[in-house]
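Peer 1: Provided herewith is a single structure, encoded as structure tokens, for subsequent inquiry.
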Amino acid sequence: MASLLASLWLAACGQAPEPVSGPPQPVDTTPQKPPVADVQAPVASGNTPAAADIAAIAALGAAFDPNRDAAADLETAKVEAKRGGKRIVLELGDAGCGECAALDEKIEGDGALRRPRDAGFVWVKIDRSAAGNAAVLAGLPGGTDAPAPHLLVLDADGQVLQAQPGADLMRNGRPDTRRIRGFLEQWAPPATPQAP
């Protein structure tokens, strides 16, 4: 009975098309126009203004580079701080500063420190050995003579809120997790009230 129903059902559906027979067709090798991107479609990644911003922000805190322009970096940091509701930390030092490297390694290697840093601050490294940065450094408290690392916390407009020796974040010459966490918590930007 089941086979009868199956055959009736197949008959009702019609027959399957017969395969086309004949000699194989050659592959189409005619030149094709490249696809054109739809400008209305959102871009997921690549060379976009957002990607450029992310790259610029990452470069601010990547390394003490005497070829970077501290004044331009500070302007970039202000824009990002305003956009993200963050504060700015200027880390003053140079590539030969062992304490600077140890502090950076500690924060980068500890997610519990890195997350609040990235969420609340635009971190900018300014190389004090670069002659081109002298004018910017002269206008900052401890900019030219404080032992490195020297940290300055600024608001989004670039006003100095706190000048702090990096040694305050160390214990016995090594970065101290508790002190760094305290610094990040103390100077984190105030929470913005949520709209009702």
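Peer 1: From the Cα gyration tensor of segment 56-196, with a ≥ b ≥ c the square roots of its eigenvalues, which class applies: rounded if a/c is under 1.5, or else prolate if a/b is larger than b/c, or else oblate? Spell out each step's value before the answer.
Peer 2: On the way: a/c = 1.67, a/b = 1.14, b/c = 1.47.
Oblate is the answer for segment 56-196, as a/c is 1.5 or above yet b/c matches or exceeds a/b.
Peer 1: Tell me whether segment 117-196 comes out rounded, prolate or oblate; compute the Cα gyration tensor, take square roots of the eigenvalues as a ≥ b ≥ c, and use a/c under 1.5 as the rounded threshold. Intermediate values should be presented prior to the final figure.
Peer 2: On the way: a/c = 2.59, a/b = 1.29, b/c = 2.02.
Oblate shape, in that a/c is at least 1.5 and b/c is the bigger or equal ratio.
Peer 1: Now for a separate question. Alpha carbons only, please: Rg and Dmax for segment 132-176, in angstrom.
Peer 2: 11.9, 35
Peer 1: Ok, one more. So, counting K/R as plus one and D/E as minus one, what does the shell of residues with Cβ under 11 Å around D127 add up to? Don't skip to the answer; put the middle values down first.
Peer 2: Details: positive: R68, K125, R128; negative: D65, D69, D73, E91, D94.
Surrounding charge for D127 is -2.
Peer 1: Assuming R0 = 22 Å, what is the FRET efficiency of N172 and A59, from their Cβ-Cβ distance, to the nearest 0.05?
Peer 2: Numbers: r = 32 Å, r/R0 = 1.47.
It comes to 0.10.
Peer 1: Follow-up. Under a 1.4 Å probe, what is the accessible area of segment 73-196 per residue, stated in Å²? Please report the intermediate quantities before stating the final value.
Peer 2: Values: 6290 Å² over 124 residues.
Accessible area per residue: 51 Å².
The values are calculated or read from the model by the stated rules, or taken from the named source; none is laboratory data. What you see is a predicted model, and the numbers here were worked out from it, not measured in a lab. Here the Cβ is made from the backbone with ideal geometry for all residues, glycine too, and neighbour counts use every protein chain on show. The area values use the complete protein model at the heavy-atom level, side chains included, leaving out ligands, DNA and RNA. Shrake-Rupley method; radii C 1.70, N 1.55, O 1.52, S 1.80 Å.
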